[in-house]
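Engineer: Questions regarding the structure given below will be posed in turn.
The values are calculated or read from the model by the stated rules, or taken from the named source; none is laboratory data. The shown structure was predicted, so the numbers you read here are calculated from the model rather than taken from an experiment. Every residue, glycine among them, receives a Cβ derived from its backbone with ideal geometry; neighbour counts consider all protein chains shown.
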Amino acid sequence: MNILGLSAIEIAEKIAAKELTAVEVTRAYLDVISQTDDAINAWLYVDDAYALNNAEKVQKEIDSLLSQGKKLPALAGVPVGIKDNMCVNSVKTTCASKILYNFVPPYDATAIKNAQKNLMVILGKTNMDEFAMGSSTEHSAFKQTKNPWNTRCVPGGSSGGSAAAVAALQAPLALGSDTGGSIRQPAAFCGVTGLKPTYGTVSRYGLVAFASSLDQIGPFAKDAAGCAALFDAIKGHDEKDSTSYKMEYESSYEEIDNFKKPTIGILTEYMGEGVTNDIKQAVIDAKAKYESLGCDVIEISIPVLTLALPAYYILSSAEASSNLSRFDGVRYGYRSEGADDLQDLYIRSRSEGFGTEVKRRIMLGTFTLCSGYYDEYYNKALKARSLVVKGYEDAFSKVDILLCPATPTTAFKIGEKTDDAMSMYLADLCTVSVNIAGLPAISFPGGFDESGLPIGLQLIGSKFSESLLLSTVNAFQNETNYHKACPAEKGGAK
């Protein structure tokens with residue numbers, strides 16, 4: 001049986017039918033990682049013994065539940081990769097940074113606990129941009145992840161390792177975090193499906209913070225059904241996260257086939273200059289597909305979205321400046337040798353431990369929070385955020401969901417933008433406004449450009465509309481095969 005050719009849902013169904021075991025599935029993916037990851041570099045930490053021991057425990061629980069005639073969780077026995085900014089008990093968690101090179105957390109993040117409660121198997125930790133600051137996974141302190149479709153290109157970021165692992169069939173599922181597009185942008189570049197949930201639906205406890213008002217954990221899968229089941233597994237209220245919503249959630253997976261033919265608005269702000277013609281055409285083709293499925297599709301404009309990108313980089317950098325002050329070389333992580341005094345220890349440890357992009361954003365954030373600049377920059381960014389929120393609210397009074405590109409271009413070449421920070425930041429053009437407004441959005445495969453690289457489309461919804469977004473993507477995927485394509489079939493991994 002070709003386990004790698006199965007979707008996450010199909011794997012779970014075969015485990016429930018006793019045609020496969022969690023151990024067999026885990027071993028199959030570990031074998032693929034050992035055979036292919038030298039070319040991709042999607043993983044920072046994989047321990048075969050840890051993963052197989054985890055799988056054996058999960059299989060025993062599955063066997064016990066089946067013997068009692070009880071229903072299994074939707075993803076019981078399915079392996080999942082974890083972005084390396086989520087704490088896993090006794091497993092190294094570095095955030096791809098030298099400053100946390102030896103940090104081993106003594107607890108699990110709530111999202112990890114929830115995945116384990118749903119009998120999922122932790123495969124290992126995936127590579128990322130350092131502290132989730134980047135759009136290409138070129139800012140990892142340890143390795144450069146490559147795009148499985150073309151290894152001369154980036155996989156996107158900051159969750160590039162998770163997206164690349166799913167695209168390269170090294171994992172059926174993965175978790176990432178999205179602060180300004182860090183799930184959706186790499187999902188687009190790697191040709192997989194990635195969901196950024198409503199802020200507060202998935203606990204941030206145990207997620208190493210970048211920008212606390214923007215960060216959100218979410219799933220990667222080949223298709224919407226896998227994303228829906230993984231989202232169901234990790235979401236829910238958590239008393240350890242004060243921003244976590246206390247509410248009853250419906251099952252997005254159970255609603256996956258309930259296509260409601262929503263009214264769709266094409267977001268014109270993300271169809272203009274800077275967006276390639278291939279991507280614009282993919283949006284037009286998706287419009288035609290949805291119209292053929294019975295949806296009304298209209299154009300809609302939210303002019304204030306032009307404020308989103310500068311506001312995002314001010315707000316996120318300010319929060320990063322505050323959050324990363326805890327990494328001082330004293331309590332844990334990297335500690336510089338030869339410091340003369342405490343102040344020198346702070347300076348040396350942070351200068352040596354943080355990478356260039358992280359230091360750039362800390363300095364930018366510290367500057368905008370300084371007396372004399374706070375009102376000029378930070379307060380203006382907060383006002384812009386309010387305008388973006390209001391702009392989306394007005395749009396959702398006219399349509400149910402919004403359709404637009406996930407990225408303005410397909411994957412760019414490794415090294416192409418590393419010396420041009422502004423050009424790199426523009427890669428987040430189509431995604432950051434969603435985080436500013438706390439909304440859910442999903443990136444899904446919508447075709448290929450003329451060079452054969454995946455094109456990602458994006459649906460944006462109002463708060464708590466994940467089920468609507470997922471079922472709408474599922475309807476598209478029932479009519480297309482873009483999400484089923486593999487890099488090897490398209491001549492990828494070059």
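Engineer: I need every pair where a residue in the stretch 175-196 that is without any contact (Cβ under 8 Å) to a residue 60 or more places away in the chain and on the phi < 0 side of the Ramachandran plot has its Cβ under 7 Å from the Cβ of a residue that is crowded, with 24+ Cβ neighbours inside 10 Å and in a loop (DSSP other than H, G, I, E, B), sequence separation at least 6 or different chains.
Structural biologist: Once the first residue is without any contact (Cβ under 8 Å) to a residue 60 or more places away in the chain and on the phi < 0 side of the Ramachandran plot and sits in the stretch 175-196, its partners that are crowded, with 24+ Cβ neighbours inside 10 Å and in a loop (DSSP other than H, G, I, E, B) give Ser182/Gly157; Ser182/Ser158; Ser182/Ser159; Pro186/Pro155; Pro186/Gly156; Pro186/Gly157; Pro186/Ser159.
Engineer: Considering only residues that are closer than 22 Å to Ala485 by Cα and either surrounded by 15 or more Cβ atoms within 10 Å (Cβ to Cβ) or in contact (Cβ under 8 Å) with a residue 24 or more places away in the chain (or both), which ones fall in the stretch 27-42?
Structural biologist: Result: Ala28, Tyr29, Leu30, Val32, Ile33, Thr36, Asp37, Ala39, Ile40, Asn41, Ala42.
Engineer: Within the stretch 171-206, restricting attention to residues that are of a type in the set (S, T, N, Q) and in a loop (DSSP other than H, G, I, E, B), which residue is nearest to the chain's Cα centre (by Cα)?
Structural biologist: Restricting to residues being of a type in the set (S, T, N, Q) and in a loop (DSSP other than H, G, I, E, B), the top hit is Ser182.
Engineer: Conditions: (1) more than 27 Å from Ser182 (Cβ to Cβ); (2) without any contact (Cβ under 8 Å) to a residue 24 or more places away in the chain. Asp296 meets all but one. Number of the miss?
Structural biologist: Result: Asp296 passes all but (2).
Engineer: I'd like the full set of residues that are in a loop (DSSP other than H, G, I, E, B) and more than 26 Å from Arg326 (Cα to Cα), limited to the stretch 207-238.
Structural biologist: Lys222, Asp223, Lys235, Gly236, His237
Engineer: Here's something else I'd like to know. If I go through the stretch 320-362 residue by residue, how many of them are more than 15 Å from Leu100 (Cα to Cα), touching a residue at least 24 places away in the same chain (Cβ under 8 Å) and surrounded by fewer than 17 Cβ atoms within 10 Å (Cβ to Cβ)?
Structural biologist: Total satisfying the criteria: 3.
Engineer: Give the number of residues within the stretch 103-139 that are crowded, with 24+ Cβ neighbours inside 10 Å and under 30 Å from Asp419 (Cβ atoms).
Structural biologist: Number of matching residues: 14.
Engineer: Mind checking which residues of the stretch 405-415 are out of contact with any Lys or Arg (no Cβ under 9 Å at 6 or more places or on another chain) and either surrounded by 16 or more Cβ atoms within 10 Å (Cβ to Cβ) or among the β-branched types (Val, Ile, Thr) (or both)?
Structural biologist: Matches in the stretch 405-415: Pro408, Thr409, Thr410, Ala411, Phe412.
Engineer: May I pose another question? What are the residues in the stretch 443-470 that are buried (at least 23 other Cβ atoms within 10 Å of the Cβ) and either modelled with pLDDT under 95 or within 21 Å of Met247 (Cα to Cα) (or both), if any?
Structural biologist: Gly461, Glu466, Ser467, Leu469, Leu470
Engineer: Looking at the stretch 413-442 only, could you name the residues that are modelled with pLDDT of 95 or more, more than 22 Å from Gly391 (Cβ to Cβ) and under 18 Å from the mean Cα position of the chain (by Cα)?
Structural biologist: None; the set is empty.
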